[in-house]
Amino acid sequence: MDEPELSAYIDAVLTGDDDAARVLVRHLYPVVLRMVRAHLPRRASEEDLCQMTFVKVFSNLDRYSRQVPLHHWVSRIAINTCLSQLKAESSRPELRWADLSEAQAITIENLEASTGELDASQSVSSRDLVELMMSELNPADRTVITLMDLEGRSVQDVKELTGWNASVIKVRAFRARRKLKSIYTRLTGETGR
């Protein structure tokens, strides 16, 4: 769906057209779900965060200036919704070796022993391990790492989505990577190696 067509649906929603609202939700849901999954707080449901995002989108739709693509505007709302939820969960215990599942512990041991790629059977546990380590980061750092390193976005893309300046983004990325390395080192140190 192109921007003029989206604009027509927005106008229809603003006049109270429920069918247009359903079309917009169906069109925007994949974007919102991707953002929520990328920034999902530990104790939050992705369905709840998607619903919260759409409530914010529709309650602020009259404020949408149409100067940026609708997907960018909605992505920013989704990210900010997740950041708000992450702030609400600010008290987190430190991640320890005992917190890891057996598969995650084996993945760390295999990472230490090998320099090559992980096999397919380890990809799920390694993804879970990354998510667990990422949950140790503060919300803003987690957002930057997710957008830049996991989604492959540029500093400019992150700037457009978050509203932060490029220097802040680069510093956050550097510090977050350093903290992730520290978490990994602490976990591997607990194995007794």
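The values are calculated or read from the model by the stated rules, or taken from the named source; none is laboratory data. Nothing here was measured: the structure is a model prediction, and the numbers come from that model. Reconstructed Cβ throughout: ideal geometry from the backbone, glycine too, with neighbour counts over all protein chains shown. Each accessible area value is taken on the protein alone, full model and side chains, heavy atoms only, with ligands, DNA and RNA left out. Shrake-Rupley method; radii C 1.70, N 1.55, O 1.52, S 1.80 Å.
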Q. What are the residue pairs meeting all of these: first residue in the range 59-73, first residue of a type outside the set (A, V, I, L, M), second residue open to solvent by 70 Å² or more (accessible area, probe 1.4 Å), Cβ atoms under 7 Å, and 6 or more apart or on different chains?
A. Asp62/Leu14; Pro69/Glu3; His72/Glu160
(Q) Can you tell me how many residues within the range 154-193 are assigned to a loop (DSSP other than H, G, I, E, B), more than 18 Å from Leu83 (Cα to Cα) and without any contact (Cβ under 8 Å) to a residue 40 or more places away in the chain? (A) 2
Q. Hey, among Arg142, Arg37, which residue is among the basic types (Lys, Arg) and either at pLDDT 90 or above or surrounded by 16 or more Cβ atoms within 10 Å (Cβ to Cβ) (or both)?
A. Arg142
Q: Determine, yes or no, whether Ser59 is open to solvent by 50 Å² or more (accessible area, probe 1.4 Å) and of a type in the set (S, T, N, Q).
A: yes
Q: Within the range 40-52, count every residue that is open to solvent by less than 40 Å² (accessible area, probe 1.4 Å) and either over 11 Å from Ala78 (Cβ atoms) or modelled with pLDDT of 95 or more (or both).
A: 2
